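Here is the structure we will look at.
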Amino acid sequence: AAGVIQSPRHLIKEKRETATLKCYPIPRHDTVYWYQQGPGQDPQFLISFYEKMQSDKGSIPDRFSAQQFSDYHSELNMSSLELGDSALYFCASSQSGGSSPLHFGNGTRLTVT
Amino acid sequence: DAKTTQPNSMESNEEEPVHLPCNHSTISGTDYIHWYRQLPSQGPEYVIHGLTSNVNNRMASLAIAEDRKSSTLILHRATLRDAAVYYCILRPYGKLTFGQGTILTVHP
């Protein structure tokens, strides 16, 4: 079965640079979620989109922005990168509906040097 | 978001059943009980979820107390591949909010 695809798998950037992470949801899933997981921490919710509109917002820095496109893929744009942005970034997708489970990708590991 | 409480860690032997408890005394009527697990360097993986009745799937069983203030995830025969962090999450709809999960260690 098709899974959530994230690219790139690994990304190394320097401080103050920008990064773009991409997420391709499972076909027919209309909701996308982004999470950040720092070393030794639990995943933290950043932002979500339903039918290309922002549906919820968590602890996402103002330096970050995201959007969902007409083909339902999503991109997380990160600017003015800081050392503390080094983390695993997960994307998840689901069908709308309260109990529909989230399906996660294997993440993008971002390292900021 | 309603809070859940799980033990920090649990240990099991391979091929034995594992019962992972979760307390959620402030659960509301619209909260589904979700369980996810995360293996090292992988994304969280959906395990099972339920509302009021016990649930079974190919991965596990979910036993929900009659008052819904607690639940137990049951792995019927633990394997080494079940070693992971297990998260019990209450979710009415939308995002999942991860709290501290249970680190399960499986001994050969």
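FYI, it's all coordinate maths here, none of it is from the lab. Computed from a prediction, not measured in an experiment: that's the story for all the values here. With ideal geometry, Cβ positions are generated from the backbone for all residues, glycine too; neighbour counts draw on all protein chains shown.
Cross-link partners of B:Lys69 among lysines, defined as those whose alpha carbon lies under 25 angstrom from its own and excluding same-chain residues fewer than eight positions apart: B:Lys3, B:Lys95. Cβ crowding within 10 Å, taken as a proxy for footprinting-reagent exposure, orders A:Lys57, A:Lys22 from fewest neighbours to most as A:Lys57, A:Lys22. Across chain B, the mean sequence separation of Cα contacts (distance under 8 Å, 6 or more residues apart), normalised by length, yields a relative contact order of 37 percent.
Listed by chain and number, the lysines placed with their C-alpha closer than 20 angstrom to that of A:Lys13 are A:Lys22; residues fewer than eight positions away on the same chain are left out. The HN-Hα couplings worked out from phi for region B:87-100 by the Karplus form 6.51 cos²θ - 1.76 cosθ + 1.60 (θ = phi - 60°) are 10, 9, 9, 8, 9, x, 5, x, 5, 9, 10, 7, x, 6 Hz, whole numbers, x standing for Gly and Pro.
Look at A:Ser100, B:Ser53, A:Ser94, A:Ser65 and count the other Cβ atoms within 10 Å of each Cβ; fewest to most, that gives B:Ser53, A:Ser65, A:Ser100, A:Ser94. Each of A:His29, A:His103, B:His107 was scored by other Cβ atoms within 10 Å of its Cβ. Listed from fewest to most, they are B:His107, A:His29, A:His103. Three semi-axes describe the equivalent ellipsoid of region A:1-96; taken as square roots of 5 times the Cα gyration tensor eigenvalues and ordered largest first, they are 22, 14, 13 Å. Once you sort the root eigenvalues of the Cα gyration tensor of the protein assembly as shown as a ≥ b ≥ c, which label holds: rounded (a/c under 1.5), prolate (a/b larger than b/c) or oblate (the other case)? Prolate, because a/c is 1.5 or more and a/b exceeds b/c.
Annotation for A:Ser80 and A:Ile12: the two label points, set 7 Å from Cα along the Cα-Cβ direction, are 2.6 nm apart.
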